[in-house]
Amino acid sequence: MQNDQPAPSPRRPLGTKDVTAGVFLVAVALAGLYYNQDYEIGSAAQMGPGYMPMLVLGLLGLLGAAVAILGIKGEHDPLESWAWREMVLILGAMAAFGFLIERVGMAVSVAVVVVISGLADRQQTIQGIAGLTVALVAICWAVFTLGLGLNVSFLPPALTQF
């Protein structure tokens with residue numbers, strides 16, 4: 001007698017890296033949206049202080065969900081280990097920016113962020129970090145100081161009091 005049942009298909013493992021990253025992004029977005037609910041949202045014509053964070057966090061949540069879904073359905077790259085050094089450097093760079101922006105101005109804060117986060121990339125060169133620092137400081141000056149007229153000191157306060 002023949003067995004007419006098809007052979008069971010082997011189970012595909014989850015794309016652990018993608019699923020983990022997607023879940024992390026969704027969790028960050030949900031936490032951010034929770035903390036953002038105290039701010040007035042406004043409308044597209046008259047944006048309140050919570051409008052842009054809500055928009056960015058909503059997009060981050062959608063991106064995280066898409067990454068997690070693709071991790072379940074797509075190619076599978078198992079999670080080997082956490083990149084602790086890189087994660088600490090990137091989070092440290094963001095914390096340094098928040099701490100420094102009002103104390104030393106935007107130019108120095110952006111430069112510190114680029115240098116610290118550049119150290120997270122083991123293939124980055126000193127020339128690459130220097131070029132990216134100059135470019136991002138110039139872009140931040142053009143966008144936030146010239147374009148938006150943001151009321152944040154661009155240079156350290158000691159240099160602007162002459």
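The values are calculated or read from the model by the stated rules, or taken from the named source; none is laboratory data. A quick note: this is a predicted structure, and the numbers were derived from the prediction, not measured. Neighbour counts run over all protein chains shown; Cβ positions are idealised from the backbone, glycine included. These area figures cover heavy atoms from the full protein model, side chains too; ligands, DNA and RNA do not enter into them. Shrake-Rupley method; radii C 1.70, N 1.55, O 1.52, S 1.80 Å.
A few notes on this one:
- For Gly128, the stated conditions do not hold, so it cannot be described as closer than 30 Å to Asp18 by Cβ and either at pLDDT below 85 or touching a Cys at 6+ places or on another chain (Cβ under 8 Å) (or both).
- Residue match in the stretch 108-121 (condition: modelled with pLDDT of 90 or more and either over 26 Å from Val137 (Cα atoms) or more than 18 Å from the chain's Cα centre (by Cα) (or both)): yes
- Long-range neighbours under 8 Å by Cβ, at least six apart or interchain, first residue charged (D, E, K, R) within the stretch 67-95, second modelled with pLDDT of 80 or more and exposed (fewer than 14 other Cβ atoms within 10 Å of the Cβ): Glu86/Asp121
- Test: residue in the stretch 21-32 that is without any contact (Cβ under 8 Å) to a residue 40 or more places away in the chain, open to solvent by 70 Å² or more (accessible area, probe 1.4 Å) and not in a helix (DSSP H, G or I): no
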